[in-house]
Amino acid sequence: MMPHADSAQGSSLVLGIETSCDETAVAVVERRADGQGRILSNVVLSQFDKHAIYGGVVPEIAARAHTDCLDRLVQVALAEAKIGFSDLSGIAAASGPGLIGGLIVGATTGKALALATGKPFLAINHLEAHALTVGLTDGVRPPYLMLLVSGGHTQLLLVEDVGRYRRLATTIDDALGEAYDKTAKLLGLPMPGGPSVEKAALSGNPKRFDLPRPMAGREDPHFSFAGLKTAVRHAAAKIAPLSATDVADLCASFQAAVCESVADRVRRAMRVALSSLPEDRRKPFVVAGGVAANKVLRAALVGVSEDFGFTFHAPPLGLCTDNGAMIAWAGAERLALGLADGLQAPVRPRWPLDPDAVKATGAGVKA
């Protein structure tokens, strides 16, 4: 990581490339000198149809699909922003965590563009991009407490500053998004699982099935969802074959258990965070990541925030899932601090925000 002499003054325009999983995304974001941001373009191409028949993302197919369309999306993003390469202040690319093939495609493209244009390159942690998105959308600056919920990660973190994160809790088994996806697959619902389960739950009875609330009441704020997922499987097996009403009721009961469990864990984390956040300013609570688009979960966490005197913030639904704007914004934030990366910057399938965090008791390798 090296300083870049031209980055600290005035506004900046950053191109962001996101290829960490199954969306190919490119965006251009402006960061003004006062720290406020604006999205000039945000192009996302989903690969859903390419993976649907397999019931999940196939890494090799994802990497090839990124290769096929990324150059074109860069041109589209620049055209929509009405700028050229010469107008850019930097080029950012997601460099981890994620699927190694996709990361290589995006990072290599970003490095090639940086080399060809003479612009600084910024290797972006995909999780940091999620964490900082509220700075772009809501103008929220650190420090704040954040719940990161996605297909691969479920964590509570203190966002102390750009590049400084303290993990308070993680999942000891499945991530929340993973639990949603596996529940959807079990019940025969289409992928992606999160939106499918949420939609089915709208017509279901959340009190029909008595499902567990994992980790409820524990002093530490860690998460666990494997037992809940297993409980859904056992409940479904007892009444198979399932009717549409059964599926809706299982989804509603699962989602109610998720919301109560997550709310309990967040309450614990808020008690911890209160001693670390300044007393003389508002205390933001931020929810980010793909599962942050779940409206029922959002509503539950708004209530928890109000109870503890936190202000609730979450990106717009379209910026919860993977996108190029969050990568560009994280790049702009780092560039404003005078930071850039060399073209030798590696891609990292695993890249924790807090590498010094103590492993949770009972946690598996994914935690």
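The values are calculated or read from the model by the stated rules, or taken from the named source; none is laboratory data. These figures come from a predicted structure and were not determined experimentally. Glycine also receives a Cβ, built like all others from the backbone with ideal geometry; neighbour counts cover every protein chain displayed. These area figures cover heavy atoms from the full protein model, side chains too; ligands, DNA and RNA do not enter into them. Shrake-Rupley method; radii C 1.70, N 1.55, O 1.52, S 1.80 Å.
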Which of the aspartates and glutamates could a cross-linker bridge to K283, judged by Cα under 18 Å and excluding same-chain residues fewer than eight apart? D138, E160, D161, E306, D307
On the full set of protein chains, 1.4 Å probe, figure out the accessible area of V162 and give it in Å² to the nearest 10. 20
Based on DSSP loop calls and a cut-off of at most 14 other Cβ atoms within 10 Å, the longest stretch of the chain free of exposed GluC sites (Glu not before Pro) is what? 1-218
Between region 8-36 and region 100-160, the Cα center-to-center distance that results, in Å: 10
Treating the Cα atoms of region 234-281 as identical point scatterers in vacuum, please give the log10 of the normalised Debye intensity I(q)/I(0) at q = 0.18 Å⁻¹, two decimals. -0.66
Kindly express, to the nearest 10 degrees and within the range 0 to 90, the angle between helix 176-186's C-alpha long axis and the longest C-alpha principal axis of the chain. 50
Under 12 Å between alpha carbons, and skipping anything fewer than 8 positions from K229 in its own chain: which aspartates and glutamates qualify? D173, D174, E178, D181
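What percent does the relative contact order of region 140-245 come to when contacts are Cα pairs within less than 8 Å and at least six residues apart?
Working: 152 pairs, mean separation 23.7, N = 106.
Reported relative contact order: 22 percent.
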Build a GNM of the chain with springs between Cα atoms under 10 Å: which of G194, G318, G106 gets the top mean-square fluctuation? G318
In deg cm²/dmol, rounded to 500, what helix-only [θ] at 222 nm does the chain give when every DSSP H run of at least 4 residues adds -39500 (n - 2.57) and the total is split over its residues? -13500 deg cm²/dmol
When only Cα pairs under 8 Å and 6 or more residues apart are kept, what is the percent relative contact order across the chain? 26
Using only Cα atoms, find the angle between the long axis of helix 126-137 and the longest principal axis of the chain, and express it within 0 to 90 degrees, rounded to the nearest 10. 80
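Regarding the chain, what is the average projected area of its C-alpha convex hull, in nm²? Mind dumping the intermediate values first?
Details: hull surface 71.5 nm².
It is 17.9 nm².
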What is the percent of Cα-Cα separations in region 102-258 that go past 21 Å? 57
Flagged links, alpha-carbon separation over 24 Å, of K50/K119; K185/K238; K207/K295: K50/K119
